[in-house]
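Chemist: Sharing a structure, written as structure tokens. Questions coming.
All of the numbers you see were taken from the coordinates with simple rules; none came from a lab. Given the structure is predicted, the values throughout are model-derived calculations rather than measurements. Cβ placement follows ideal geometry from the backbone for every residue including glycine, while neighbour counts extend to all protein chains displayed.
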Amino acid sequence: MSEQSYEPLLLNRKNASKTLDETIERCIGEFGWAQLLQSIIVSLSWIFDAQQTFISVFTDTSAINEWSLQQEQGHENSILTGLPASSFFIGCLIGGLILSTLADTKLGRKNMLVFSCLVMSIAGAMTSISTNIWIYSFLRFLSGFGRATIGTCALVLSTELVGNQWRGQVGIIGFVCFTIGFLSLPIIAFMNKESSWRVLYLWTCLPTIMYSILVHFFVCESPRWLYVRGNKEEFVSTLKSITTRSSLTLSFFGSFFEFEDQQHNNSDESTINPYSAIKMLVEKNWACRRLILVMLVGFGTGMIYYGMPLGVGNLPFNLYLSVTLNALSELPASIVTFFLIGKLTRKKSLLVFAMLSGICSIGCVIVENDDFKVLQMGFELFSFFSACTCFNILLIYTVELFPTCVRNSAVSLVRQALVLGGAISPMLVALGRKNRWFSYGVFGICIAICGLFVLCLPETKGKTLSDTMAEEEYKENVFVC
């Protein structure tokens, strides 16, 4: 593409700034109490998301003992003990692929969030009456299937309810809530340590059902989604409900509606077919190559991010304390990302933290003497902290690697790669009960190797985001040349 043919893209980009984003910014740019309350309520879903993601640490071992699956010592039986946790992550993987487009098409962000929370919590509550490993694993699969879109819907909905200058701060609320949910698990488990593992599912799932009802009645739908779907009156009423301005009427948006209707008349397949974005990613060689590479990095990162908390039971430490310390590691990882993301390049940051995570994970295997168990725990915590930092940077990097027209699909696919790594990790944790090389050793080698693929990607720090495939392809050609 020549520089002359690129100029119209820049003109279109300038005109686009006078459309939906600018109009909503004029209406809700100031952060009010209604927006804060809505954002907090939506972000609370991350608490329940975290609880169901890591509840296996406290329940699976007890359930397996109840059904006497550890009486046999073969590898086949060891893999079977990791089946429930793997079933949950496989459910997340399939649910993410099937349900992710519904939030953009049929259901919307709010209804998708309610639906996901209900499926996850009802399946989780039913897990408490499981009678064998197969029913237990199937219900964990259903729980993961529902859970798959909670984090995405909550993040998108909460940030779309506020103006541009507040999106970063509101997004952090969700990450903090996830950490709170993770931290609450060892507390709830410790309080119920004399009770059956079944009680833990009820303590975490029944409040989620109540939360779903709360969201249904008290949370607004995303005004952006309402407008894109043509619900202009509800779009206006939603904006009025979350801002202090009283002059918002249909006439206030008159010229904006006319301009946008003209733009939508010229829309292409991407506004109609929810899978067209994936098609564009696959058809363009540069986009497909980038996607494969970041998914490989995500796979290795997800294996440690989800596998480390599940594997702490294999170390000679108090389980409740170990899980609590792992949960607390999420906070410094978020702080480090917040302060370093504007200073360090994406490629070097990912490479360094992936290598550190891999080295420390292998260190958990090499240091086997119980006299050095504090050092073992130090390696485990630093490995998990580094993986958490990789997780955060990778998502930001993915956002910057792809243009607006395919960005959500690209991020969703990378998240599925993270979950795929998580789906494999429980099996490795089960095998690692006898030999840590099968768990921590594989974790470390995998994230170190996968982290190297980042060297084949372009650097994005300080570069403007593209909106179309043509814009990004132009940058790709300049980068290659």
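Chemist: For residue 331 paired with residue 106, estimate the spin-label separation in nm (one decimal), with each label point 7 Å from Cα along the Cα-to-Cβ line.
Modeler: About 4.2 nm separates the two model spin labels.
Chemist: Taking the Cα-to-Cβ direction at residue 241 and at residue 94 and moving 7 Å from each Cα, how far apart do the two end points lie in nm?
Modeler: About 3.5 nm separates the two model spin labels.
Chemist: Further question: Between residue 210 and residue 396, what is the FRET efficiency for a Förster distance of 25 Å, r being their Cβ-Cβ separation, to the nearest 0.05?
Modeler: Here the calculated transfer efficiency is 0.15.
Chemist: Quick one: of 347/463; 106/232; 110/240; 110/461; 284/475, which pairs are farther than 25 Å apart, Cα to Cα?
Modeler: 110/461
Chemist: If I stretch the segment between residue 435 and residue 373 completely, what's the gain in nm (0.36 nm per residue apart, minus their alpha carbon distance), one decimal?
Modeler: 20.7 nm
Chemist: Still on this structure: Based on the mean of other beta carbon atoms within 10 Å per residue, what is the order of 327-338, 145-156, 345-356, most packed first?
Modeler: Packing proxy ranking, top to bottom: 145-156, 345-356, 327-338.
Chemist: In addition: Divide the volume of the convex hull of the Cα atoms of the range 117-164 by its number of residues and quote the answer in cubic angstrom per residue.
Modeler: Considering the Cα atoms of the range 117-164, their hull volume per residue is 51 Å³.
Chemist: Could you name the lysines whose alpha carbon sits less than 24 Å from that of residue 373, not counting residues in the same chain fewer than 8 places away?
Modeler: 434
Chemist: In nm, give the distance between the simple-model label positions of residue 339 and residue 285, each being 7 Å from the Cα along the Cα-to-Cβ direction.
Modeler: 4.4
Chemist: Using only the Cα atoms of the range 288-378, what semi-axes does the equivalent ellipsoid have when each is the square root of 5 times a gyration tensor eigenvalue? Give whole Å, largest first.
Modeler: After scaling each eigenvalue by five and taking roots: 27, 16, 13 Å.
Chemist: Between residue 355 and residue 187, how high is the FRET efficiency from 1/(1 + (r/R0)^6) when r is the Cβ-Cβ distance and R₀ = 51 Å? Nearest 0.05.
Modeler: Once the sixth-power term is evaluated, E becomes 0.90.
Chemist: Cα atoms only, the range 82-226: Rg and Dmax in Å?
Modeler: Rg and Dmax of the range 82-226, Cα atoms, are 16.1, 51 Å.
Chemist: If the chain between residue 452 and residue 180 were fully stretched, how many nm would it gain, using 0.36 nm times the residue separation less the Cα-Cα distance?
Modeler: Extra length from residue 452 to residue 180 when fully extended: 94.7 nm.
Chemist: I would also like to ask the following. Say R0 is 51 Å: what FRET efficiency, to the nearest 0.05, do residue 68 and residue 36 get from their beta-carbon distance?
Modeler: The calculated FRET efficiency here is 0.50.
Chemist: So for each of 449-456, 220-227 I average, over its residues, the number of other beta carbons within 10 Å; can you give me the resulting order with the highest mean first?
Modeler: Ranked from most to least packed, the peptides come out as 220-227, 449-456.
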